[in-house]
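The values are calculated or read from the model by the stated rules, or taken from the named source; none is laboratory data. A quick note: this is a predicted structure, and the numbers were derived from the prediction, not measured. Please note: Cβ atoms are built from the backbone with ideal geometry, for glycine as well, and neighbour counts cover all protein chains shown.
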Amino acid sequence: MKCVTCAHLDSKVVESRDIGDSSSIRRRRQCLGCGYRFTTYERVEVPYLMVTKKDGSQELFDRSKLLGGLHKAIQKRPVDTGQLEELVDDVERSVHECGETEIASSRVGEMVMERLMKLDEVAYVRFASVYRSFTDAANFEAELERLKASTSGTL
């Protein structure tokens, strides 16, 4: 594994941990060149999954693209990367368990928002505002009302 600071090619594993349901392993590594410590994740490769976007085009499911959007949503929130990894693992597992080779991006987005709402409500509203393309304050208000209703169990 190449070091992110000095590009040395050798590192040693300092610690390994299963994540979630043991489908991923988190490894703490130390560079044998400069001593820098960094984290890597190892997971089982799953079959290709095509995502059909709103405009009808298709692209491969990209977990890093999903994580990127979630990182923006949790900015300055008390949510760590491990929690996001678990959320994306859960979504990815659910998608693959349905047995389909194609899924609508809207379904993936709904699965993400369902889990994000339980994790952090502010991050949920941020993600929903981009995902649902909010155009004005009324959209935010409507989503906040929906959130209030769902957290009180009346949705």
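Structure notes:
- Applying the condition of being among the hydroxyl-bearing types (Ser, Thr, Tyr) and closer than 21 Å to residue 86 by Cα to segment 36-55 and asking which residue is modelled with the lowest pLDDT yields 48.
- Condition met for residue 5 (among the β-branched types (Val, Ile, Thr), surrounded by 11 or more Cβ atoms within 10 Å (Cβ to Cβ), modelled with pLDDT of 90 or more and under 30 Å from residue 103 (Cβ atoms)): no
One line per residue, one yes/no per condition, for (1) of a type outside the set (Lys, Arg); (2) at pLDDT below 90:
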| residue | (1), (2) |
| --- | --- |
| 1 | yes, yes |
| 9 | yes, no |
| 15 | yes, no |
| 27 | no, no |
| 30 | yes, no |
| 34 | yes, no |
| 57 | yes, no |
| 63 | no, yes |
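- When segment 116-132 is filtered for residues that are surrounded by fewer than 17 Cβ atoms within 10 Å (Cβ to Cβ) and assigned to a helix (DSSP H, G or I), the ones remaining, listed by number, are 118, 121, 122, 129, 130.
- Condition met for residue 108 (surrounded by 15 or more Cβ atoms within 10 Å (Cβ to Cβ), within 18 Å of residue 69 (Cβ to Cβ) and modelled with pLDDT of 85 or more): yes
- Wholly enclosed strands (runs of 3 or more DSSP E) of segment 24-103 bearing at least 2 residues crowded, with 16+ Cβ neighbours inside 10 Å and in the same structural domain as residue 125 (by TED's automatic domain parsing): 50-52
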